[in-house]
Every structure is written in structure tokens, then in C-alpha cells.
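Single-structure report; data block below.
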Amino acid sequence: MEFSFQDAKLIARDTPWDQKVLQCISNEIIDFSGTNLQSLEHVLNEFEVYCKTQNIQFTNIRISAQEMLQKKMLQQFGFQFIESSVEVIRNNAAFEIDEFQLKLKSKIKVVDYTEAHLNDLLQIAEQSFNYGRFAEDPDIERTINEKRNSNWLKVLVSSNTVKVLLYNEAPAGFMAYVIKEHSCQLILGGVKDERQYLAPLFWYEVLNDIQQYTTTKTYSTVISAANIGVFNLYIKLGFKIAKTYWGFSKHRKFI
Amino acid sequence: MEDKILQIINSIRASKGYDPLTDLTEEKSLRNDLGLDSFDLAELTVHIEAEYGVDIFSNGLVHTVGEIFKQLRNKNN
């Protein structure tokens, strides 16, 4: 659905994947642009009326951290700040890693995903993700976030490339990514808590594999700014920060 | 053994620009108190395995200095 007034525009889409775990009708604003408060207020007001008529109880939105007018208007309409996230990018070049990581190479294997890995990966997805727009929302219970992550992984394994980290032949981590033209987007990656020290080596192996066997020229991903461990991991692998986002959500209760 | 582990941890901390520690207490968290991230933990496990032949992470998560000592003592017993 799209709302526009003067130069302001708001585009939203339904989010059945959120609805499934939140047990309420949900949507997401994917474009909220405009150059003055009055027009932004107008389209956001129309959107709120629409949400009320459609009984939409949860909305989320991610905007550039520099969009001050949007921030002001979202807060005015009861949207809560939830998380800050950053997009990190890297151009094609040899990925490097320190000698200590390389010494661990004999302990791991990186293989393509098969259905036999699914249960282990679902467990990792449920237990190892403590960051993101659901995990960092104080009004969303942890079990809902766990369920969302496992649902998300089921979708990812069916529609994207997934590499699996094996330690002692058992799955200890995964990385889902998609390559479009010459760009690789890392969608979701995680490692079991007890094997986190293998994460840098796993990432390095996956990225080098992509570089070696595809024509990828750029790599990018969006991570929570609160996820300091993974943030440092990408920095050490040579990624640069491209953009900072602010995520907001609104939980509505209609009588 | 405690002195050797202190030396290893201090060498890792030095590469991050952290001040050396004068002693290690068993309850110290590797991540929160000593400031080690996953890269550092990888370096730690490689050093310890080279010195003692023990993979400290082979049986699961290691949070504290005391858990490292315990694994090394178990190996010696």
C-alpha cells in the first residue's frame, strides 16, 4: 500500500513472516520519504488510519540514521526506537586472517547445506541470535524471536546458498547468502555459542570460497550495531561501514 | 601453569594495546573481564594446545580463566 501527499511518500508491505510468530496482523514501512514535517505527518496519519481499519497491530521501519524529520515524526506517532544497525561492505580482494585462525583449519570443514543439517541449524538459529529488530525489541518475548529465527532459516535454506561449518563432523554454524549479478549479500550467519572462536575462520573460508568460484565483486551485509563481536569480525575481515540505520517499531492495541 | 597462561593472555592483550595483567583469578571472564574476542580466543586455544596439547574448547564453551585451569589440571591428573 502507498500513501503520498505533496512530496512525501510512505510505502508499506504486509509481513506474513512476522505475523506468523507475533500472532497479530503486521506490516513494514519500506519507504518513508519527504522534505517537510507537514507532508510526512500527513502520510503517516493516513497510514495510521489504514492500520486501524485493517487491525494491523505491529509495524516496523528502518530508516537512515541521518533522516531527522522521519525520526521526529515516527516518535511523534508513538514508534519506539529499537535498534541501530550498520551496513558493511567490502570490495573484492584477498581476505586475510591471522596465523592463529589458520592453525585451526584442520579442525573444521565447510560444506554445502543438506537437509541432514537442518535440525542442528534450527537449534543454532533459535539459540544463538541475540541481536536484531526482534531480539532488541523489549516488547517482544525471547521465545518469539527464537521462533522467528528458525522460521527464517527454513526459508533461507530453501531459497539461498547456505554453507555449513562442521566441527567433529557435527554442524556448528552456517552462513546464508545470495549472489545477484556481481554482488554478494550475506543474509544470516551464526555459530554455536561454544564454537564462536571458530567464527572468523568460518567467515574467512566462506568468503574466500565465494571469491574463488564466482564473479562476485562486492560483499555486503547489515548487522546490529549492538553485536560488537560480529561487528569487529567484519572490520577485521576488511569490511567498511557504508550506512547506519535506525530501526523503530510500533505495537498497537485496538479495542 | 598459571604463570604460563597469564603470559599467553598478556601477549594477546598486548597485541590489542591492553595493559598487562599482574595476576589471574579463576572467576575472571575471558570476554568481559579480559576483553578477548573470538579472534583472541582462537589465538588462546592455539597457544594452549601448542604448550599443553589440550584443546580447551573441545568439550564446549569456556567462559572463565578457572575453566581453562580445570581442563589443564584434568589433563595432568
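A short reminder: the numbers here are calculations on the coordinates, not readings from a lab. The structure displayed is predicted, hence computed values, not measured ones. For neighbour counting, all protein chains shown are included, and Cβ atoms are generated from backbone atoms with ideal geometry for every residue, glycine included.
What is the dipole size for chain B, taken about its Cα centre, with +1 at each Lys and Arg Cβ and -1 at each Asp and Glu Cβ, in debye to the nearest 20? Before the final figure, lay out each step's value.
Numbers: 8 positive and 14 negative charges, 22 e Å.
Rounded to the nearest 20 debye, it is 100 debye.
For chain B, the longest principal axis of the C-alpha atoms and the axis of helix B:65-76 are separated by about 30°. Loop-located trypsin sites (Lys or Arg not before Pro) across the range A:152-255 with a Cβ neighbour count of 11 or fewer within 10 Å are A:Lys253, with loop assigned by DSSP. Here the label points at B:Met1 and B:Asp23, each 7 Å from Cα along the C-beta direction, are separated by 1.9 nm in the simple model.
The mean of 1/r over all pairs of different alpha-carbon atoms in the protein assembly as shown, once inverted, gives a Kirkwood hydrodynamic radius of 22.1 Å.
Using the structure shown, select from A:Lys103/A:Lys163; A:Lys9/A:Lys253; A:Lys192/A:Lys250; A:Lys107/B:Lys75; A:Lys103/A:Lys243 the pairs with a Cα to Cα distance greater than 23 angstrom. It would help to have the intermediate numbers written out before the result.
Working: A:Lys103/A:Lys163 21 Å; A:Lys9/A:Lys253 25 Å; A:Lys192/A:Lys250 31 Å; A:Lys107/B:Lys75 20 Å; A:Lys103/A:Lys243 34 Å.
Beyond 23 Å: A:Lys9/A:Lys253; A:Lys192/A:Lys250; A:Lys103/A:Lys243.
Put simply, the amide H of A:Ile82, placed in the peptide plane, has neighbours under 5 Å in A:Gly247, A:Phe248, A:Ser249, leaving out anything fewer than 5 places away on its chain. Pair-distance distribution P(r) for chain B, from all Cα-Cα distances in 5 Å bins starting at 0: 3, 16, 31, 30, 15, 4, 1, 0 percent. The orientation-averaged projected area of the convex hull spanned by the Cα atoms of the range A:103-186 comes to 6.8 nm². Both the radius of gyration and Dmax for the range A:71-137 are 19.2, 55 Å, in that order, over alpha-carbon atoms. Every helix of 4 or more DSSP H residues in the protein assembly as shown counts as -39500 (n - 2.57), and over all residues that averages to -12500 deg cm²/dmol at 222 nm.
Quote the convex hull volume per residue of the range A:69-220, based on C-alpha atoms, as a whole number of Å³.
Details: hull volume 21.8 nm³, N = 152.
Convex hull of Cα atoms, per residue: 144 Å³.
Could you compute Rg(Cα) / (2.2 N^0.38 Å) for the range A:8-104, with N its residue count? Could you put the intermediate results ahead of the total?
Numbers: Rg = 18.9 Å, N = 97, 2.2 N^0.38 = 12.5 Å.
That works out to 1.51 for the range A:8-104.
Once you reduce the range A:152-188 and the range A:27-90 to the center of their Cα atoms, the two points are 30 Å from each other. Inter-part distance, the range A:195-255 to the range A:127-148, computed on C-alpha centroids, equals 17 Å. For A:Leu188, the residues whose modelled amide H falls within less than 5 Å of its own, excluding neighbours fewer than 5 places apart on the same chain, are A:Ala176.
How high is the relative contact order of chain B, in percent, with contacts defined as C-alpha pairs under 8 Å that are six or more residues apart? Please list the in-between numbers first.
Numbers: 62 pairs, mean separation 24.1, N = 77.
The value is 31 percent.
Once Rg and the Kirkwood radius are both taken over the C-alpha atoms of the range A:203-255, their ratio Rg/Rh works out to 1.19. Report the Stokes-Einstein translational diffusion coefficient (µm² s⁻¹, integer) for the range A:36-75, Rh taken as the Kirkwood radius over Cα pairs, at 4 °C with viscosity 1.567 mPa s. It comes out at roughly 117 µm²/s.
Relative contact order for the range A:1-66 using alpha-carbon pairs under 8 Å, separation at least 6, rounded to a whole percent? Result for the range A:1-66 is 35 percent.
Within the range A:115-160, the GluC sites (Glu not before Pro) that combine a DSSP coil assignment with at most 13 other C-beta atoms in a 10 angstrom radius are A:Glu141.
Thinking of the range A:145-203 as a set of Cα atoms, what percent of all their pairs are more than 13 Å apart? Looking at the range A:145-203, the distances longer than 13 Å represent 64 percent of pairs.
How big, on average over all directions, is the shadow cast by the Cα convex hull of the range A:111-151, in nm²? Don't skip to the end; give the middle numbers.
Details: hull surface 12.6 nm².
Its Cα hull, projected and averaged over all orientations, spans 3.1 nm².
With contacts taken as Cα pairs under 8 Å at a separation of at least 6 residues, chain A carries a relative contact order of 28 percent. GluC sites (Glu not before Pro) within the range A:1-105: which are DSSP loop residues with at most 15 other Cβ atoms inside 10 Å? Here the sparse-neighbourhood loop sites are A:Glu96.
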